[in-house]
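Notes follow once the structure below has been shown.
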Amino acid sequence: MDETSQPVELLLSVSRDARGTLGAQIEDGLRTAIREGALRAGAQVPSTRDLARQLGVSRRIAVDAYSQLAAEGYLTLRQGARPRVSEAAAVAGPASEPAPRATPPPRFDFTPSVPDVSAFPRAAWLRSLREAMGTISDWDLGYGDTQGVERLRGALAEYLGRVRGVVGGAERVVVTSGYQQGLGIVSQALARRGARGIAVEDPSNRYQLDIVRRAGLEPVPIPVDEAGIDVSALGRADAVLVTPAHQHPTGALLSAERRAALCAWLRDRDAVAIEDDYDAEYRYDRAAVGALQGLEPEHVVYAGSASKTLAPALRLGWLVVPGVLMDAVRVEKTQADRGTARIEQLAFADFLARGELDRHLRRMRIRYRARRDALIAALAEELPEAEVVGIAAGLHVTARLPFGDEDALRDEAARRGLAFETMRDYRPGDDGPLTLLLGYGGLPEAAIRAGVRELAAAIRLPGSRRR
Ligand SMILES: Cc1ncc(COP(=O)(O)O)c(C=O)c1O
């Protein structure tokens, strides 16, 4: 289709009863829209034929009005091209304020929890998306079941049972727009049912505290050590938020004893755990430990996400919910957004059914493991004082240093184009040893080696070395 033949709609009306000729009304309407910024420089406007048809006026009137506006510098008219608002007619004001200048990307981006989206399986996803679009029923194009598309819930229940030991059928699965939304709706559901205090791992992602507070829950920080969350400190909380497979950010695995103790605590208090099964797909040294939910399905809400396995842009997550919480979670999900995008849900169901996620993860585990090994080898060479803690899993390495001034290091690192996090991002005011969280998901091995060299040089400067 040639450019000028595509119809362009315009919010403009004229009336034979109004003051002024029809042509003058068109001119006034367009002048005002351009001056006030509703129509911005370069914006398309309808062809004169389209405009005449939309407004029910003769083509001649539209042609004359456009000629006048072009003569005044409002429109640019070129043979064979769609008429546009001229660049010179751009207005100052909120609609045309310059976009904030983007900060340049870091030279070495060690930000934790970032997957390698350059490896996103585009062809396989496109195939599933095409399949979804080609077969979606008219019913599925409606709002449908707020809990999620049945086919995806079934595929997820099967997948999670198989690879994570999660217990529960499609009827227990709620599809969400990512983990973050899942945490919000479960917190609201818990608060609605009378929960007040929620134990939260310390350290953990700070944004979670705001989410649970917004829901009306009071977060209670609970220490974490090399065996995971200290279950004996849970006390009288009504719920607990945990990352048993790979504590974020310390990298600890919740030990078997602590798992048993946590299950006993959940049963005794009739409390609920929200299990963020974060990073469970990426265990490099042995088979992953099964989900906590499999041990205590009536007291654990399992939460997963496609953000680390595929791409955050999908905004796809899932919950497996105990029966007693199901109604409340459904209500909250409905109120949040009436359900996650259904075409993508069907695509994901097809993707899972074809075994594409398994295939992708097999590839990615090899890639991430090589990157992790490269990072650990580079640390051993360039910063042998660094102690790597946590299990061989996930998308980042947690490294403790016996020296280092964090503020000076941060300044120097920024100057050298290095991005990373430290324990203070998860526990403000932390006065323990300088602990670096170095993500390797998006960095090839050569960049990892060069980046660690740069990092070591920044740390060894006299200002950064102080403690
Ligand atoms: C600890 C943890 N859990 C889960 C997620 C995934 O969140 P979402 O699915 O909302 O992208 C993240 C993302 O960074 C995370 O750091």
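Filtered by the rule that a residue be within 15 Å of the ligand (Cβ to nearest atom) and of a type in the set (Ser, Thr, Tyr), the range 316-343 gives a lone residue, THR340.
Among the residues examined, LEU152 qualifies as crowded, with 20+ Cβ neighbours inside 10 Å and under 23 Å from SER307 (Cβ atoms).
Return the residue satisfying two criteria in turn: it lies in the range 71-83 and is surrounded by 15 or more Cβ atoms within 10 Å (Cβ to Cβ) and without any contact (Cβ under 8 Å) to a residue 60 or more places away in the chain, and of such residues it is farthest from GLY37 (Cα to Cα). Per the criteria, the residue is LEU77.
Applying the selection to the range 382-409, what residues are free of Cβ contacts under 8 Å to residues at least 12 places away in the same chain and either within 16 Å of GLY442 (Cβ to Cβ) or in a helix (DSSP H, G or I) (or both)? Talk me through it step by step, then tell me what you get.
Taking the range 382-409 and keeping what is free of Cβ contacts under 8 Å to residues at least 12 places away in the same chain, we get 384, 407.
Result: ASP407, single match.
Out of LEU183, LEU190, one residue alone is modelled with pLDDT of 95 or more, within 11 Å of the ligand (Cβ to nearest atom) and within 30 Å of ARG342 (Cβ to Cβ). It is LEU183.
Got at least one residue in the range 368-379 being crowded, with 19+ Cβ neighbours inside 10 Å, more than 24 Å from GLU454 (Cβ to Cβ), within 16 Å of the ligand (Cβ to nearest atom) and in contact (Cβ under 8 Å) with a residue 12 or more places away in the chain? No; the residues of the range 368-379 include none that is crowded, with 19+ Cβ neighbours inside 10 Å, more than 24 Å from GLU454 (Cβ to Cβ), within 16 Å of the ligand (Cβ to nearest atom) and in contact (Cβ under 8 Å) with a residue 12 or more places away in the chain. The combined condition, being without any contact (Cβ under 8 Å) to a residue 12 or more places away in the chain and in a helix (DSSP H, G or I), is not fulfilled by ASP350. As a summary of the residue check, ALA313 satisfies the conditions (1) over 20 Å from VAL173 (Cα atoms); (2) more than 18 Å from the chain's Cα centre (by Cα) except for the one numbered (2).
Within the range 289-310, the residues that satisfy the criterion of being of a type in the set (Gly, Ala, Ser), within 15 Å of the ligand (Cβ to nearest atom) and part of a loop (DSSP other than H, G, I, E, B) are ALA291, ALA306, SER307. Taking (1) farther than 30 Å from VAL300 by Cβ; (2) within 16 Å of the ligand (Cβ to nearest atom) in turn, THR111 satisfies each apart from (1). Within the range 247-276, if we keep just the residues that are within 13 Å of the ligand (Cβ to nearest atom) and either polar (S, T, N, Q) or touching a Phe, Trp or Tyr at 6+ places or on another chain (Cβ under 6 Å) (or both), the residue that is farthest from MET423 (Cα to Cα) turns out to be GLU275.
Can you spot a residue in the range 128-140 that is within 22 Å of the chain's Cα centre (by Cα) and within 15 Å of the ligand (Cβ to nearest atom)? Quick ask: steps written out before the conclusion?
Just the residues of the range 128-140 that are within 22 Å of the chain's Cα centre (by Cα), to begin with: 128-129.
Of the ones still in play, those that are also within 15 Å of the ligand (Cβ to nearest atom) are none.
No: the range 128-140 contains no residue that is within 22 Å of the chain's Cα centre (by Cα) and within 15 Å of the ligand (Cβ to nearest atom).
Note on the range 249-271: among residues that are among the aliphatic types (A, V, I, L, M) and over 30 Å from the mean Cα position of the chain (by Cα), the one that is surrounded by the fewest Cβ atoms within 10 Å (Cβ to Cβ) is ALA256. Within the range 194-213, restricting attention to residues that are of a type in the set (D, E, K, R) and part of a strand (DSSP E or B), the residue that is nearest to the ligand (Cβ to nearest atom) is GLU201.
Would you say ARG286 is charged (D, E, K, R), away from the ligand (no atom under 16 Å from the Cβ) and either assigned to a loop (DSSP other than H, G, I, E, B) or farther than 17 Å from ALA157 by Cβ (or both)? Criteria met by ARG286. Residues in the range 218-263 that are assigned to a strand (DSSP E or B), farther than 21 Å from GLY432 by Cβ and among the charged types (D, E, K, R): GLU218 alone.
Once the range 214-248 is narrowed to residues that are charged (D, E, K, R) and over 24 Å from PRO112 (Cβ atoms), the residue that is surrounded by the fewest Cβ atoms within 10 Å (Cβ to Cβ) is ARG236.
Among the residues of the range 97-142, those identified as in contact (Cβ under 8 Å) with a residue 40 or more places away in the chain, of a type in the set (Asp, Glu) and in a loop (DSSP other than H, G, I, E, B) are ASP116, ASP140. Just one of the numbered conditions (1) in contact with a strand residue (DSSP E or B) (Cβ under 9 Å, 6 or more places away or on another chain); (2) within 16 Å of the ligand (Cβ to nearest atom); (3) assigned to a helix (DSSP H, G or I) is not true of ALA313; which one? Result: ALA313 passes all but (1). Consider the range 323-347 and keep the residues that are part of a loop (DSSP other than H, G, I, E, B) and surrounded by fewer than 17 Cβ atoms within 10 Å (Cβ to Cβ). The one that is farthest from the chain's Cα centre (by Cα) is ARG338. From the list VAL167, VAL174, the one residue that fits, being in contact with a Pro (Cβ under 6 Å, 6 or more places away or on another chain) and β-branched (Val, Ile, Thr), is VAL167.
The values are calculated or read from the model by the stated rules, or taken from the named source; none is laboratory data. The shown structure was predicted, so the numbers you read here are calculated from the model rather than taken from an experiment. Backbone-built Cβ (ideal geometry, glycine too); neighbour counts: all protein chains shown.
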